[in-house]
Amino acid sequence: MDKLLIKGGNPLVGELAISGAKNAALPIICASLLCNNTLSLTNIPQLHDVATMLRLLGQMGVVVTIGDKGTLTLDGCKLDNPLAPYEMVKTMRASILVLGPLLARCGEAKVSMPGGCAIGARPVDQHIKGLQAMGAEIRVEGGYVLAQAQRLKGARIVTDMVTVTGTENLMMAATLAEGETVIENAAREPEVVDLANCLIAMGARISGAGSDRISIQGVDRLHGADYPVMPDRIETGTYLCAAAATRGDILLTRASPALLDAVIDKLREAGCAIECQPDSIALKAPRRLKSVSLRTAPYPAFPTDMQAQFMAIDCVAEGSAVIRETIFENRFMHAVELIRLGADIRIDANNAVVTGVPALDGATVMATDLRASASLVIAGLVAQGETLIERIYHLDRGYERIEEKLTRLGADVRRVR
Ligand code: UD1
């Protein structure tokens, strides 16, 4: 199993291009299940989760052609096996995103209950409830969701909580349903908007994406399209935090700072100087960061996917901060690992009190989930001496060529096999 060996102390300096967004690419790839023409995508990040999703669609009959420089074509005309087997989906929760499209296009689907990061129970009841409201018959048997519907019917769906993939699944299913579907309490995340824009390019009739009320007028069929995936706002935020923690000075290009308001506000509060252009963002860190308190919540508030990285910077900032996680019930697993590096963190239910220390010390730590791994990388970059991060397959799920990108910015990082 690969490990990452980091020699801490180098400030991150220089320019870096941001990759396409994992959490937009995954649902957009699933949108190819909705039509029998070719969907051509650009700015697709090379990540394990993307490869897993492509394998999954491939065994369903979608013809996947991977081009160079992040291009991809998906041809769904031979889709004949609406099955997502456990073996293929166990590592990736986003695989539940095939459920809505398969049901809408094939009238049936058999999808294994998903795995993914161990950050909480993460049920899929809202996906199921919404599809049932659209007339699907669904039962859960032997770890699989078994769904059937002649043709889905438009419905008004009010989700119990804001769910990102739930909104995406229902929105995709509704594009081919009969009549109008309205999703109330919809997720407003930019990745939902990116998916909606791709679906619209494929002929879907969707309005309100980006608000908490999305309305979809079903059509008989969708067609192929060319679509570029949006930049990854969480990758952007992660490199900003890494630069902030290491007293760095970086310019991130091909980014979308407009989608990062909450994160940028917090980095400014920590003392960083930040300048934004429409598609780039520059950060210069102060000599010592000030600690920042935060509370995660659905977009446009502070993203749960940036919580771990901010905990890492609070570990070495001046003062104490309270970090409150409100989305997932078990998302502080990085804290015990950060403590191994010398951090001062106290956890009380979904609150973490982090008191900055003058320095962290390198140690061997274990990556436990995707964003937790990112926080350990940031901590390793600031720690004195060597930090060895085990189980970095989590990082490879969501960060494209991370050691190469960090090395380009001056970090001393090596993959150990
Ligand atoms: C997506 C993102 C993930 C991010 C999360 C929250 C993708 C591929 N993943 O995950 O990176 O951390 O949004 O921004 O886009 N819930 C239920 N029942 C459901 C669905 C959700 O109880 O049917 C709960 C979850 O357990 C969680 C909360 O709702 O507590 C939000 O989850 P959700 O937005 O669905 O997260 P994901 O879509 O899985």
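Just to be sure I understand the model, the point goes 7 Å from the Cα along the line to the Cβ. What's the resulting residue 357 to residue 68 distance in nm?
Going from the residue 357 label point to the residue 68 one covers 4.8 nm.
For the chain, what is the charge dipole size about the Cα centre, in debye to the nearest 20, if Lys and Arg each add +1 at the Cβ and Asp and Glu each add -1 at the Cβ? Please report the intermediate quantities before stating the final value.
On the way: 43 positive and 47 negative charges, 53 e Å.
Using Cβ point charges on Lys, Arg, Asp and Glu, the chain gives about 260 debye.
Short version: ³J(HN,Hα) in whole Hz for each residue of the stretch 65-80, in order, from phi by Karplus 6.51 cos²θ - 1.76 cosθ + 1.60 (θ = phi - 60°), x for Gly and Pro, what are they?
10, 8, x, 9, 6, x, 9, 7, 10, 10, 10, x, 5, 9, 4, 9
Can you list the equivalent-ellipsoid semi-axes of the chain, largest first and in whole Å, using the square root of 5 times each Cα gyration tensor eigenvalue? Write down the numbers at each step before the final one.
On the way: eigenvalues 283, 87, 80 Å².
The equivalent ellipsoid of the chain has semi-axes of 38, 21, 20 Å.
If packing is taken as the mean number of other Cβ atoms within 10 Å per residue, what is the order of 143-149, 76-82, highest first? Please list the in-between numbers first.
Working: 143-149: 17.9, 76-82: 16.0.
In decreasing order of mean packing, 143-149, 76-82 become 143-149, 76-82.
Sort the following peptides by mean Cβ neighbour count (other Cβ atoms within 10 Å, averaged over residues), highest first: 227-235, 322-330, 129-137. Numbers along the way, then the final one.
Working: 227-235: 24.1, 322-330: 18.1, 129-137: 19.7.
Ranking the peptides 227-235, 322-330, 129-137 by packing returns 227-235, 129-137, 322-330.
Using a 10 Å cut-off on Cβ atoms, rank the peptides 344-356, 207-219 from the highest mean neighbour count down. Display every interim value, and only then the final one.
Details: 344-356: 16.0, 207-219: 17.8.
Taking the mean over residues of other Cβ atoms within 10 Å, the ranking is 207-219, 344-356.
Kindly sort 287, 397, 268, 417 by accessible area of their heavy atoms, largest first, with the probe set to 1.4 Å. Before the final figure, lay out the partial values.
On the way: 287 180, 397 30, 268 115, 417 210 Å².
Of 287, 397, 268, 417, the descending order of accessible area is 417, 287, 268, 397.
Quick one: 3J(HN,Hα) in Hz for the stretch 177-191, Karplus 6.51/-1.76/1.60 with θ = phi - 60°, rounded, Gly and Pro as x.
Calculated HN-Hα couplings, in order: 7, 8, x, 9, 10, 10, 9, 9, 6, 5, 5, 9, 4, x, 5 Hz.
Using +1 at the Cβ of each Lys and Arg and -1 at the Cβ of each Asp and Glu in the chain, identify which of 230, 54, 383 lies farthest towards the dipole's positive end.
Result: 383, furthest along the dipole toward the positive end.
Nearest 0.05, what FRET efficiency do residue 51 and residue 320 give at R0 = 60 Å with Cβ-Cβ as r?
Numbers: r = 42 Å, r/R0 = 0.69.
Result of the calculation: an efficiency of 0.90.
The values are calculated or read from the model by the stated rules, or taken from the named source; none is laboratory data. What you see is a predicted model; the values in this text were computed from it and never measured. Cβ coordinates were reconstructed from backbone atoms using ideal geometry, including for glycine residues, and neighbour counts include every protein chain displayed. Each accessible area value is taken on the protein alone, full model and side chains, heavy atoms only, with ligands, DNA and RNA left out. Shrake-Rupley method; radii C 1.70, N 1.55, O 1.52, S 1.80 Å.
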